[in-house]
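Here the structure comes first, spelled out in structure tokens, and everything after it is commentary.
The values are calculated or read from the model by the stated rules, or taken from the named source; none is laboratory data. Note that the coordinates shown come from a computational prediction; the quantities given were computed from them, not determined experimentally. Please note: Cβ atoms are built from the backbone with ideal geometry, for glycine as well, and neighbour counts cover all protein chains shown.
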Amino acid sequence: MLEDVERWLLSRSWSVSDRPVDGLLAAKRSSRQTVSVVLPALNEEATVGDIVTVIRRDLIEALPTPLVDEIVVIDSGSTDRTSEVAAAAGARVVHRDTILPRVPAARGKGEVLWRSLMVTSGDIVAFVDADLKEFDSDFVVGIVGPLLTEPDVDLVKAMYDRPLRDEAGQGGRVTEMMARPLINLHWPQLAGFVQPLGGEYAARRTLLEQLPFPVGYGVEIGMLIDSLNLVGLDALAQVDVGVRKHRHQDGRALGRMSAAIYRTAQLRLTRGNLVRPKLTQFERSEDGTGFVPATYDVDTVERPPMREISEYTARRAA
């Protein structure tokens with residue numbers, strides 16, 4: 001298995017500099033593929049506008065023909081000015097609850113990504129988190145590039161350094177403490193992915209519409225495992241795009257993420273007859289005399305493959 005990972009690292013791990021934009025534009029024109037960029041957003045007014053601005057400037061307006069055909073921000077219930085800022089920067093903003101209204105929306109990032117397939121048209125769909133700071137358009141160029149130039153690649157993850165405040169390489173705590181051990185123990189073929197939980201990745205629509213989507217934090221690991229099972233390791237790739245800076249979560253939030261990721265992996269190891277799990281965490285009481293428990297349901301809901309949704313198939317046929 002180690003030999004498989006080493007072979008894959010040599011053949012399916014690249015740098016963004018390996019594919020200049022001019023070459024990608026030529027490949028895009030030749031293949032007639034279209035590219036959608038999706039930003040799932042919840043209260044990200046501080047960063048979402050800058051990300052949209054950079055993508056529009058570098059990958060639409062500055063090029064002889066656009067590399068990106070549409071930028072769509074899916075607002076999942078923001079209470080700040082996320083929608084207004086994104087629209088002013090040039091994105092098309094769609095509110096989560098207006099998409100597929102017959103299915104009541106669940107809370108979670110995976111829910112937003114799943115619904116985004118209903119309101120985008122690209123043959124290639126690139127997902128970018130909306131909380132990135134000092135955003136560089138290389139993130140999009142990197143993850144889209146292999147899909148335009150390598151017909152046998154179906155999904156591309158970004159890899160990067162991930163500093164925690166001023167400490168190099170200390171970000172990605174859930175990755176190192178939960179996701180990487182799970183992957184190495186149960187899906188060792190995927191052990192070569194540097195950032196298995198990273199929120200920046202692109203895939204062919206023909207793959208995405210076949211995948212179930214965990215509605216919460218488990219969406220990235222679930223998508224990686226299910227893609228491996230569906231199309232095989234050699235259809236998966238990763239591209240080095242440099243450094244990723246973003247807003248970091250507190251320890252309790254990381255605990256909830258970890259529980260959801262573990263549950264997503266557990267469901268893929270053994271299905272059926274599983275008790276719906278809960279996670280209890282603690283914080284000190286307001287009077288300082290003790291600790292107060294807070295109990296959360298762990299995300300277990302998954303949306304079916306989008307090609308099983310009648311509204312989606314009707315839209316694609318039209």
Inset, instruction - Output the residues belonging to the stretch 1-38 that are outside any helix (DSSP H, G or I), under 30 Å from PRO188 (Cα atoms) and not β-branched (Val, Ile, Thr). - result: MET1, SER13, TRP14, SER15, ARG19
Inset, instruction - Filter the stretch 203-222 down to residues that are among the acidic types (Asp, Glu) and farther than 23 Å from PHE139 by Cβ, then give me how many there are. - result: 1
Inset, instruction - State whether the residues of the stretch 13-32 include one that is of a type in the set (Val, Ile, Thr), out of contact with any Pro (no Cβ under 7 Å at 6 or more places or on another chain) and closer than 22 Å to GLN195 by Cα. - result: yes
Inset, instruction - Considering every residue within the stretch 77-100, establish whether at least one is among the small types (Gly, Ala, Ser), part of a helix (DSSP H, G or I), under 17 Å from ALA202 (Cα atoms) and in contact (Cβ under 8 Å) with a residue 40 or more places away in the chain. - result: no
Inset, instruction - Report, ordered by the first and then the second residue, all pairs with beta carbons closer than 6 Å, sequence separation of six or more or different chains, a first member in the stretch 26-44 that is under 21 Å from ASP131 (Cα atoms), and a second member that is assigned to a loop (DSSP other than H, G, I, E, B) and among the hydroxyl-bearing types (Ser, Thr, Tyr). - result: SER36/THR120; LEU42/SER76; LEU42/SER78; ASN43/SER78
Inset, instruction - Find the residue count for the stretch 54-74, including only residues that are surrounded by fewer than 17 Cβ atoms within 10 Å (Cβ to Cβ) and in a loop (DSSP other than H, G, I, E, B). - result: 5
Inset, instruction - Run down ILE183, ILE124 and say which single residue is under 30 Å from VAL85 (Cα atoms), among the aliphatic types (A, V, I, L, M) and either buried (at least 22 other Cβ atoms within 10 Å of the Cβ) or free of Cβ contacts under 8 Å to residues at least 40 places away in the same chain (or both). - result: ILE124
Inset, instruction - All but one of (1) at pLDDT 95 or above; (2) aliphatic (A, V, I, L, M); (3) surrounded by 14 or more Cβ atoms within 10 Å (Cβ to Cβ); (4) more than 19 Å from the chain's Cα centre (by Cα) hold for VAL5, so report the exception by its number. - result: (1)
Legend entry - Members of the stretch 292-318 that are part of a loop (DSSP other than H, G, I, E, B), of a type in the set (A, V, I, L, M, F, W, C) and surrounded by 14 or more Cβ atoms within 10 Å (Cβ to Cβ): VAL298, VAL301, ILE309
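Each row is one residue, and each column tells you yes or no for (1) among the acidic types (Asp, Glu); (2) crowded, with 19+ Cβ neighbours inside 10 Å.
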| residue | (1), (2) |
| --- | --- |
| SER76 | no, yes |
| THR79 | no, no |
| ARG92 | no, no |
| VAL103 | no, no |
| ARG107 | no, no |
| GLU111 | yes, yes |
| MET118 | no, no |
